[in-house]
Amino acid sequence: LTVIPSSAGVVKVSSFGSDASVATANIAADGSVIHIIDNVLLPFYPSVASALERHSELGALYDAINGTVPELLSQLGPLAEVTLFAPTNSAIRVALSGVDSRFSQFLSSPAGVAFLLRYHIAQKPVIFSADDVAEDRNVTTFAGLKLTLERTGQTTRVRFPSGSATITDSYQVGLNANGSQRAAVHVIDQLLIPPSLTSVAQALNLESEANTFVAVLNVSSAYSNLMSSSNFNGTILVPTDAAFAKYILANGLNLITLISKPDFVKPTLDLHIVPNKRLSLTTLADGTKIATNSGPNTLTVRRDANGTVRFVSANNTATALYEYFAGEWGNGTTLIFIDTLLIPGSTRLSGAAASVGPSPFAMLLCSTLAAAFLHLFGRL
């Protein structure tokens, strides 16, 4: 606890998670003294956002988020179940004083700064303690890219492509109904720098769950050039391999049959391509209508209270998993990975397609066939 007297005569008391003022002071109680305060003092941070705001060494990170993507703070509120790797004020000052060209690229636009910040937030499952890392462990960030946690002796580091940061302190934050914590903040001594992605191909090559989508792109005469494009301006919704496997299983197909149907491939890809508009999961609002290459208002955004974003087509719904960016900031591509293959209105989906999960065999078959096509088209 920190006791802070004021010139007005009001004494304030500060804890990790809250502040209180002394309302009535110096009540004698059998050799002890009681001070009545006007608020409950919390021994923990009630949310990730509050940890950023209240921790004296994390103010620069809080200011960067609040000034660039304030919507992100709402996603780090009391209901958030995330792991934040939080660089200290001094770590950010060192990065700002350096000459790393990749870091400068991210700072060149608000979109770049937002992407950099999301690279420091990992999705569930939450890593509550650095001591829990017994062996190398990969985590997926809100930027869609992976980080690796590694432990040597008593030291845990966060490894990224151009270096690593050491975890110097950790806090379990938030509170569940059963008394357990919801999220974690790990203080690190260095800013994490994402790799620069100059093309759609580079972005998709980083993601092991995009093999089938890449195979379908490559056999499409309308979209095969997207893989080599460095100047496509827009958004691509990327169904994962599991999403394709779910559709294939539900409809009694196989990948070869699927991609041999031009009346399926192009209309389906059209629905996943949003031209001339870089969407962001951080700022998409509930009810937003999206124009795709299928036509105007062919997708509707649904956003729930937890910030989960879903895309609704005429036939089904896909949940957004994560996003990342390729190309130059302000004139590049957003890739949003989704858990379901969106089906245009002209295509009839069997009743089981939206609910049946892919079996391990179906996923293996889909990935194997996709890999064969990728070899054929030179990705691997």
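The values are calculated or read from the model by the stated rules, or taken from the named source; none is laboratory data. These numbers were taken from a predicted model, which means no experiment stands behind them. Note: ideal-geometry Cβ built from the backbone for every residue, glycine included; neighbour counts use all protein chains shown. In case anyone asks, the SASA skips ligands and DNA or RNA and just uses the protein heavy atoms, side chains included. Shrake-Rupley method; radii C 1.70, N 1.55, O 1.52, S 1.80 Å.
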Subject >> Rounded to the nearest 20 debye, dipole of segment 138-277 from Cβ charges on Lys, Arg, Asp, Glu >> reply: 80
**OP:** Please work out the Cα center distance from segment 148-166 to segment 244-287, rounded to the nearest Å.
**Re:** 37
**OP:** Only Lys, Arg, Asp and Glu count, each charged at its Cβ (+1, +1, -1, -1), so figure out the dipole size of the chain about its Cα centre, rounded to 20 debye.
**Re:** 1000
Subject >> MRE, 222 nm, helices only [DSSP H, n ≥ 4, -39500 (n - 2.57), over the chain, to nearest 500] >> reply: -7500 deg cm²/dmol
Subject >> Table column - 3J(HN,Hα) (Hz), segment 183-190, Karplus curve with 6.51, -1.76, 1.60, x for Gly and Pro >> reply: 8, 9, 10, 10, 6, 10, 9, 8
Original post:
Between residue 283 and residue 23, what is the spin-label point distance in nm, taking each point 7 Å from the Cα along the Cα→C-beta axis?
Top reply: 4.4
Subject >> At 1.306 mPa s and 10 °C, Stokes diffusion of the chain via Kirkwood alpha-carbon radius, µm² per second >> reply: 69
Original post:
Between residue 261 and residue 300, what FRET efficiency comes out of the Förster formula 1/(1 + (r/R0)^6) with R0 = 22 Å and r the beta carbon distance, rounded to 0.05?
Top reply: 0.25
**OP:** Two decimals is fine: what's Rg over Rh for segment 71-173, C-alpha atoms, Kirkwood radius as Rh?
**Re:** 0.95
Original post:
If you build the Cα gyration tensor of segment 1-101 and take the root of 5 times each eigenvalue, what three semi-axes come out, in whole angstrom, biggest first?
Top reply: 36, 16, 11
Subject >> Share of Cα-Cα pairs in segment 153-267 lying beyond 16 Å, as whole percent >> reply: 73
**OP:** Report ³J(HN,Hα) in whole Hz for each residue of segment 217-228, in order, from the Karplus equation J = 6.51 cos²θ - 1.76 cosθ + 1.60 where θ = phi - 60°; Gly and Pro get x.
**Re:** 4, 5, 8, 8, 5, 7, 10, 4, 6, 4, 5, 9
Original post:
Per 10 Å bin, what is the whole-percent P(r) computed from every C-alpha pair distance within segment 133-175?
Top reply: 25, 51, 22, 1
Subject >> Computed label-point distance, nm, for sites residue 79 and residue 231 using a 7 Å Cα→Cβ extension >> reply: 4.3
Original post:
In segment 128-232, what trypsin sites (Lys or Arg not before Pro) fall in a loop by DSSP, with at most 10 other Cβ atoms inside 10 Å?
Top reply: none
Original post:
Can you tell which of 144, 252, 174 shows the greatest fluctuation in a Gaussian network model of the chain with Cα springs below 10 Å?
Top reply: 252
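What number do you get for segment 161-206 when its Cα radius of gyration is normalised by 2.2 N^0.38 Å, N = residues?
Dividing the Cα radius of gyration by 2.2 N^0.38 Å gives 1.76.
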Subject >> Compactness of segment 218-346 - radius of gyration and Dmax, Cα, Å >> reply: 14.3, 42
**OP:** Please find the FRET efficiency linking residue 39 to residue 137, where r is the Cβ-Cβ separation and R0 is fixed at 35 Å, and quote it to the nearest 0.05.
**Re:** 0.35
Subject >> Placed amide H near residue 168: partners under 5 Å, 5+ positions off or other chain >> reply: 187, 188, 189
**OP:** Would you mind listing how long segment 218-294 runs along its three principal axes, going by Cα atoms, in whole Å with the largest first?
**Re:** 37, 29, 19
Original post:
Can you list the residues, at least 5 places off or on another chain, whose amide H is less than 5 Å from the amide H of residue 149, using H built in the peptide plane?
Top reply: 137, 138, 139, 159
Subject >> Choice from 289, 12, 277 with maximal GNM fluctuation in the chain (Cα, 10 Å cutoff) >> reply: 12
Original post:
Per the 1.4 Å probe, what fraction of the accessible area of segment 231-312, in percent, lies on carbon and sulfur atoms?
Top reply: 50
Subject >> Computed E for residue 162/residue 221 - FRET, C-beta separation, R0 45 angstrom, nearest 0.05 >> reply: 0.75
